[in-house]
Amino acid sequence: MNGALTEKRETMEKKIPLQVLESIFDTLSETNLRSGKSTSDKLANEIVVSGWTFPWQLEDLLLETDSRIHRMDIESLATYFDIPLRYVFHKPRFVNAGAVGHEGLSATDAACLLMKLEDIGFDTNPMPFVRGIAPGLANAKYVDESELSIISYEWQRHRCHTVIRSDADIDDGEWETKKVKDAVGRRFEFTRVGGKAYMLEVKGPKYRRQPNRRLVTCDYCDYRYTKGDPESNLAHRSEHARVRKILDPKPLPAFSRRLLTKPNPELVDASSPKWMHGEMYERACRFKRELKFDFIQWEGNQERKNISAQSQGYLFSDHTSPHMPETIVGACAFWKDADQWRLRWVWVCPKMRRKGVLAHRWRQFLERYGDFEIETPLSEEMRHFVLMHGSPQQCAAVQPPVPT
Ligand SMILES: [Zn+2]
């Protein structure tokens with residue numbers, strides 16, 4: 001997504017109908033008689049206040065800044081840019097009254113469409129929308145694509161590189177590319193193949209190639225991000241730090257206090273504090289990722305406890321370190337099905353594997369949960385562990401089936 005902020009290259013699979021691209025070519029080849037003329041923000045402000053607009057209203061708005069727009073089919077362009085048109089109704093005065101609706105766009109989506117039209121060469125004025133909508137997004141935790149366009153508009157303006165391809169059948173025919181620069185400084189390449197509109201490429205006046213930006217996956221935390229993009233780098237750093245706390249854990253003062261004061265300090269159940277449920281959740285995530293399971297097998301997290309009486313978890317302290325037992329080196333979870341307890345999963349951080357973390361606790365688990373079952377499928381490592389440390393019944397359950 002961050003790549004899309006600076007490189008709004010439409011995917012090569014996505015195509016616009018040939019007649020729409022022909023229309024864009026013809027329209028952009030004309031002179032905008034409104035270029036540089038001052039406009040009133042009255043209509044844009046009305047749209048922001050009402051929250052909605054209709055195609056004919058949007059056309060009036062666009063005609064204030066670009067005389068050529070009457071030749072364009074606004075709805076086709078909205079469809080191409082994945083900007084949704086929805087039925088909008090006058091709010092009825094009576095709940096049982098009928099309502100008449102028309103297709104329209106939200107003010108936010110209308111602003112996004114104006115920005116996309118500006119990127120491909122039309123003169124639009126999205127600023128009244130940005131001024132009206134952006135303050136309301138200041139504290140938003142999540143934003144959709146149109147809202148993202150609004151909050152990044154002032155930085156993003158004129159820096160885009162847009163490529164649009166038509167669905168023309170171009171099996172043969174002569175390629176012909178016309179390069180044009182407009183009054184704003186946009187650089188256009190109109191490409192026709194066999195006389196048909198094939199591709200439009202538009203670079204904003206402030207567009208610069210950013211060769212150092214590339215999509216990479218971090219070997220350590222497995223996070224996929226755009227190297228060289230500040231926002232993406234920041235998101236990666238945050239995820240990297242989160243994963244490091246689990247893969248290379250440090251002593252936790254809260255765990256230390258628990259080890260000193262509680263009779264069964266590693267147990268996580270409904271009576272345990274939320275932070276322990278959060279630590280369980282993080283390790284359940286690592287287990288899911290490593291074993292490629294479809295879902296996370298701990299029904300609690302940092303904000304919400306897992307209060308099921310059928311569910312019990314354990315956070316493993318580092319029993320190998322006499323000075324730092326308050327480091328959480330792994331976790332496991334049990335589930336009670338009818339009267340039978342079952343070990344759902346076990347996860348130990350990589351540097352503590354094969355150091356007896358689970359073996360250290362197995363006897364205690366057998367005493368507490370009886371001859372508990374073990375959820376399959378098992379990793380090969382876990383199967384070997386059970387064959388070495390499990391009860392006779394557990395060993396029999398993990399033996400590969402005898403070929404018949
Ligand atoms: Zn990383």
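Values as computed for the structure displayed
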| read-out | value |
| --- | --- |
| From the options Glu64, Glu46, residue that is modelled with pLDDT of 90 or more and under 30 Å from Pro17 (Cα atoms) | Glu64 |
| Residue within segment 375-389 that is out of contact with any helix residue (DSSP H, G or I) (no Cβ under 9 Å at 6 or more places or on another chain) and closer than 24 Å to Ala309 by Cβ present | yes |
| Among residues of segment 72-119, those that are farther than 17 Å from Ser50 by Cβ, surrounded by fewer than 17 Cβ atoms within 10 Å (Cβ to Cβ) and at pLDDT 85 or above, counted | 6 |
| Options Lys305, Lys274, Lys262: the member that is out of contact with any His (no Cβ under 7 Å at 6 or more places or on another chain), assigned by TED's automatic domain parsing to the domain that holds Gln364 and modelled with pLDDT of 95 or more | Lys274 |
| Condition broken by Ser232, with the remaining ones in (1) within 16 Å of the ligand (Cβ to nearest atom); (2) farther than 30 Å from Ile328 by Cβ; (3) of a type in the set (S, T, N, Q); (4) in contact with a Phe, Trp or Tyr (Cβ under 7 Å, 6 or more places away or on another chain) satisfied | (2) |
| For Thr191: the one exception among (1) over 30 Å from Phe122 (Cβ atoms); (2) in a strand (DSSP E or B) | (1) |
| Count - residues of segment 46-104 that are within 24 Å of Pro135 (Cβ to Cβ), out of contact with any helix residue (DSSP H, G or I) (no Cβ under 7 Å at 6 or more places or on another chain) and among the β-branched types (Val, Ile, Thr) | 3 |
| Flag if His360 is in contact (Cβ under 8 Å) with a residue 40 or more places away in the chain and surrounded by fewer than 15 Cβ atoms within 10 Å (Cβ to Cβ) | yes |
| Members of segment 251-295 found to be over 22 Å from the mean Cα position of the chain (by Cα), within 21 Å of Ile307 (Cβ to Cβ) and exposed (fewer than 13 other Cβ atoms within 10 Å of the Cβ), listed by number | Ala254, Lys262, Pro263, Asn264, Ser271, Pro273 |
| Cβ-Cβ under 8 Å pairs, at least 6 apart or on other chains, segment 241-254 side closer than 14 Å to Val348 by Cα, far side among the β-branched types (Val, Ile, Thr) and within 10 Å of the ligand (Cβ to nearest atom) | none |
| Residue check for Glu176: more than 15 Å from the ligand (Cβ to nearest atom) and either out of contact with any helix residue (DSSP H, G or I) (no Cβ under 9 Å at 6 or more places or on another chain) or outside any loop (DSSP other than H, G, I, E, B) (or both) | yes |
| Members of segment 32-55 found to be free of Cβ contacts under 8 Å to residues at least 24 places away in the same chain and not in a helix (DSSP H, G or I), listed by number | Ser38 |
| Top-ranked residue of segment 355-391 - restricted to ones that are closer than 13 Å to Cys332 by Cα and charged (D, E, K, R), ranked as nearest to the chain's Cα centre (by Cα) | Glu375 |
| Any chance Lys245 is within 16 Å of the ligand (Cβ to nearest atom), in contact with an Asp or Glu (Cβ under 8 Å, 6 or more places away or on another chain) and among the charged types (D, E, K, R) | yes |
| When residues of segment 200-222 are limited to those that are surrounded by 13 or more Cβ atoms within 10 Å (Cβ to Cβ) and within 15 Å of the ligand (Cβ to nearest atom), the one nearest to Val163 (Cα to Cα) | Val216 |
| Pair list, Cβ < 9 Å and 6+ apart or interchain, from segment 137-151 residues that are farther than 17 Å from Leu105 by Cβ to residues that are small (Gly, Ala, Ser) | Ile151/Ala134; Ile151/Ala138; Ile151/Ala140 |
| Any chance Gly173 is on the phi > 0 side of the Ramachandran plot and not assigned by TED's automatic domain parsing to the domain that holds Asp26 | yes |
| So Tyr225, is it in contact (Cβ under 8 Å) with a residue 12 or more places away in the chain, within 16 Å of the ligand (Cβ to nearest atom) and either outside any helix (DSSP H, G or I) or among the small types (Gly, Ala, Ser) (or both) | yes |
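Here is a yes/no grid of residues against (1) under 24 Å from Glu380 (Cα atoms); (2) at pLDDT 95 or above:
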residue: Phe295; (1), (2): yes, no
residue: Met324; (1), (2): no, no
residue: Val329; (1), (2): yes, yes
residue: Trp335; (1), (2): yes, yes
residue: Leu343; (1), (2): yes, yes
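The values are calculated or read from the model by the stated rules, or taken from the named source; none is laboratory data. Since the model is a prediction, treat every value here as computed from it, not as a measurement. Positions of Cβ are backbone-derived with ideal geometry, glycine not excepted, and every protein chain shown enters the neighbour counts.
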